[in-house]
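What follows is one structure encoded as structure tokens, with my remarks underneath.
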Amino acid sequence: MAKLKGAIIMVLIVLLIGGYYFYLSNKEQQIDENSVTAVQNVILRNLETDYPPTPKEVVKYYSEIAKCLYNEKYTDEQLSQMVDKLMAIFDDELVANNPRDEYIRNLKDEIDEFEKNGYTISSYEASASTDVVDYEHEGRQCASLYCKYAIRNGSKITMSQQEFVLRKDIATGHWKILGFELVGSSE
């Protein structure tokens, strides 16, 4: 009887340990399935209901996408979706001057070159809101600001600065990127 009682207790202990292990294994899996990658995060943003409200926020969203494009792993479909998000924050004039298929080809070439040289975008910082210059051009409301990017190559960091020009869309009232250019870099 004592041997049977001991065997039952052993079986119960093994079942409890096995059950606890199964619980922990599934819990870790649920966390992994529920976590969203940086790429998914920029793709999932609904620009119809959550469009960046200021020129600075538009540039920050652009920079989030750029960081994903140049640093993360993603599928061709995700690349296409990120390009769609970029086109949605670009002014119609910028979109007209950059046909989508050509833009994707050029972007892929830039990303390949960036990766081949071992670069990553480690961080970015848009101008302070007080440094955004608002002005009117040809009857349209415009804004310009800078964004600094820290580009890492191994242990070496280079600072790169781009100037962005945005224009307020007449139909939606949203700020859209009209153009940008590299205005400086330093080590």
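The values are calculated or read from the model by the stated rules, or taken from the named source; none is laboratory data. The structure presented is a predicted model; accordingly, all values stated were derived computationally and were not measured. FYI the Cβ positions are ideal-geometry reconstructions off the backbone, even for glycines, and counts take in every protein chain you see.
Here is how the numbers come out for the structure above:
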quantity	calculated
Within the range 158-187, tally of residues that are assigned to a strand (DSSP E or B) and surrounded by 15 or more Cβ atoms within 10 Å (Cβ to Cβ)	15
Residues satisfying the stated conditions in the range 83-102, i.e. hydrophobic (A, V, I, L, M, F, W, C) and without any contact (Cβ under 8 Å) to a residue 12 or more places away in the chain	Val95, Ala96
Checking Ile31 against (1) modelled with pLDDT of 60 or more; (2) in a helix (DSSP H, G or I); (3) exposed (fewer than 10 other Cβ atoms within 10 Å of the Cβ), the condition it does not meet	(1)
Selection from the range 34-65 of residues that are in contact (Cβ under 8 Å) with a residue 60 or more places away in the chain and of a type in the set (S, T, N, Q)	Thr54, Ser63
Subset of the range 66-76 [buried (at least 20 other Cβ atoms within 10 Å of the Cβ) and either among the small types (Gly, Ala, Ser) or free of Cβ contacts under 8 Å to residues at least 24 places away in the same chain (or both)]	Ala66
Unique residue being closer than 13 Å to Leu178 by Cβ, surrounded by 12 or more Cβ atoms within 10 Å (Cβ to Cβ) and within 17 Å of the chain's Cα centre (by Cα) when the list is Ile89, Ile104	Ile89
